[in-house]
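Report on one structure; see the data block that follows.
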Amino acid sequence: MPHAASHVQDVVEAVSIRLNNRVYEKRSHGEDVVVLSYGEAFFDIPLFGFDDLPMPALYHYSHSRGIPELRALLAGYYASRHGVAVDPDTEIIVTAGSKIALHMAFMTILAPGDEVLIQEPAWVSYPEQVRLCHGRPVRIPHGVEVADYRAYVTGRTRAIVVNNPNNPSGRVLTDPEWREIHGMAREHDLFVVADEAYSDYVLDSRQFISAAAHDPAKEHTIVCNTLSKNYGMSGWRIGYVFTNPELLYQILKVNQHLVTCPATVLEYYMARHFHEVLDITAPQIRDVVVKRAAVARMLDDAGLRYLPGDGTFYLFVSIEGSRLGSEEFCTRLLEESGVSVVPGIGYGDSCDRFVRLSVGAESIDRIRRGVEQIAGLLRATAAEPLAVFHPQGAPARPALEAVAAF
Ligand code: PMP
């Protein structure tokens, strides 16, 4: 029997999806699970209806760059929110989610053996997508400063992936950090592939700086974004990618052969209700970021540590001190306590002492229950002597205090 190609066999399943499948299974048997593992926030968004959308156009394929109305709205959104000019005719493609936008970007820029720098904690799909494109992911362990990324550049380095704000730490890049990254990109002729899926999940909108703000001509910058998080519409599967017209044309050819266009009906729906949806989701996004800050304080009170960052709806919580690896920790937490969080190992080898906690899908009271269970499992599985985790930039606490606080 013929087998799948070895580079595909080597791809690992997305750890977050595998864990969430187990959550769906448990819930379908009527079990109560505190779900802190979902990769999305749940908003109240009304259904506006489809009756006034153009017939019969919405039954058919549409423009492979995306319908012009939606392209114009998305370009306007980046201009007004982030001060980034995007030409809707030549610089943007609307596609079926940002996952495929990222993948098409990698397909477009990578030749076999090309290296891509990926900072850990790294969203699960970057290394696998690079491998699927016959590239080589080069992981930068967590804790390495942006100023030190240059040490990972070789003659084969072609790109750096930057996830800002970061899933799972919530870290938002500063202006000086962007200067470093773009300086390195110019010096070594690298692409900056920027994943800005959580761009609206910051407390102060000025805190988020788009990668394209430092490269207005988008000479080396490719930006991917999505309606999944900023609009709470992950099931709509609408994402987009923008870059300079020449490079975008190359991505467009890939899109034409892989995707054609996103679901036409959903593009028309989004174009018709774009501002209404944003007005409805904006306060809900603010609430979830505020909730994240409250959960951070809850973790502080429980003596749990987490990586620095205040964007997104995730916290990357340290399980340093447990004798369990993150996969075993999460499995026991789910099976014994009915609480689901995602193992840190999915975000890189340097992250096995962490779990990802999402505040997007549960009430603050149920999250408190989850945090208590995490602290309890840490206590129950404490290795001796208890190691202390020093998050980057945070004051070190003495080991004894950490033990007492768990
Ligand atoms: N990038 C990041 C960092 C994500 O967390 C996700 C979804 N979890 C995506 C991209 C993909 O989003 P989508 O394909 O739904 O646009």
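Numbers at a glance
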quantity: Positive minus negative residues near A147 (Lys, Arg vs Asp, Glu; Cβ under 11 Å); calculated: -2
quantity: Cβ-based net charge around P121, under 12 Å, with every Lys or Arg adding one and every Asp or Glu removing one; calculated: +1
quantity: Inter-part distance where the range 130-191 and the range 4-70 are each reduced to a Cα centre, Å; calculated: 28 Å
quantity: The range 1-130: relative contact order as a whole-number percent, Cα under 8 Å and 6+ apart; calculated: 20 percent
quantity: Value of [θ]222 nm, deg cm²/dmol, for the chain, DSSP H segments ≥ 4, -39500 (n - 2.57) each, nearest 500; calculated: -12500 deg cm²/dmol
quantity: Degrees, to the nearest 10: 15-28 long Cα axis against longest axis of the chain; calculated: 80 degrees
quantity: Under 5 Å, built H, 5+ apart or other chain: amide partners of V34; calculated: V339, S340
quantity: Among I118, I280, I374: highest mean-square fluctuation, GNM of the chain, C-alpha pairs under 10 Å; calculated: I280
quantity: Surface accessible to a 1.4 Å probe, per residue, for the residues of the chain, Å²; calculated: 42 Å²
quantity: C-alpha long axis of helix 264-301 to longest principal axis of the chain, angle in °; calculated: 20 degrees
quantity: Nitroxide proxy distance, nm - points 7 Å out along Cα→Cβ at A213 and A294; calculated: 2.9 nm
quantity: 5 angstrom amide H check on Q119, placed H, neighbours 5+ away; calculated: I140, V161
quantity: Sequence of H103, H3, H182 from largest to smallest accessible area, 1.4 Å probe; calculated: H3, H103, H182
quantity: Mean Cβ count within 10 Å, highest first, over the residues of peptides 92-102, 54-64; calculated: 92-102, 54-64
quantity: FRET efficiency for Q250 and E276, using Cβ-Cβ distance with R0 set to 35 Å, rounded to 0.05; calculated: 0.50
quantity: Candidates D114, D200, D32, ranked by Gaussian network fluctuation over the chain, Cα under 10 Å, top entry; calculated: D32
quantity: Net charge contributed by nearby residues that have their C-beta within less than 14 Å of H29 (K/R +1, D/E -1); calculated: -1
quantity: FRET efficiency estimate (nearest 0.05) - Cβ-Cβ, H188 to H29, R0 35 angstrom; calculated: 0.10
quantity: Accessible surface of the chain, 1.4 Å probe, proportion on carbon and sulfur as whole %; calculated: 54 percent
quantity: Convex hull volume per residue for the chain, taking Cα atoms only, in Å³; calculated: 162 Å³
quantity: Principal-axis tilt of helix 326-337 within the chain, Cα atoms, nearest 10 degrees; calculated: 70 degrees
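The values are calculated or read from the model by the stated rules, or taken from the named source; none is laboratory data. Computed from a predicted structure; not experimentally measured. Backbone-built Cβ (ideal geometry, glycine too); neighbour counts: all protein chains shown. Accessible surface areas use protein heavy atoms only, side chains included; no ligands, DNA or RNA. Shrake-Rupley method; radii C 1.70, N 1.55, O 1.52, S 1.80 Å.
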